[in-house]
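Encoded as structure tokens, the structure appears first; notes follow it.
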Amino acid sequence: MISDATQLAALDFAIEVATGRRKLNASEAALFQIHIAEIRQRIVAAALRREKKTEARQ
């Protein structure tokens, strides 16, 4: 698993790419895709945990 700090750095990097301040070379793009996939997995997992807690309370 990729650390929180690394994931936050990847998000900052995504903002730079999205705003055109940074261009990706091939190796950066590959690594960036891995970071984004990890972030996506953590977001989904957190949402599922919240959903389970909500269902348990009902």
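Observations
- Listed by first and then second residue, the pairs linking a residue in segment 33-58 that is closer than 21 Å to residue 18 by Cα to a residue that is open to solvent by 90 Å² or more (accessible area, probe 1.4 Å), with Cβ atoms under 8 Å apart and 6 or more places separating them unless they lie on different chains, are 38/1.
- Within segment 7-24, the presence of at least one residue that is among the polar types (S, T, N, Q) and in contact with a helix residue (DSSP H, G or I) (Cβ under 7 Å, 6 or more places away or on another chain) is confirmed.
- Test: residue in segment 15-32 that is open to solvent by 100 Å² or more (accessible area, probe 1.4 Å) and either more than 10 Å from the chain's Cα centre (by Cα) or in contact (Cβ under 8 Å) with a residue 24 or more places away in the chain (or both): yes
- Hey, residue 24 out of contact with any Cys (no Cβ under 6 Å at 6 or more places or on another chain), of a type in the set (A, V, I, L, M, F, W, C) and in a loop (DSSP other than H, G, I, E, B) or not: yes
The values are calculated or read from the model by the stated rules, or taken from the named source; none is laboratory data. Given the structure is predicted, the values throughout are model-derived calculations rather than measurements. As a convention, Cβ positions derive from the backbone with ideal geometry for all residues, glycine included, and neighbour counts pool all protein chains shown. Heads up: the accessible areas ignore ligands, DNA and RNA and are worked out on the full protein's heavy atoms, side chains in. Shrake-Rupley method; radii C 1.70, N 1.55, O 1.52, S 1.80 Å.
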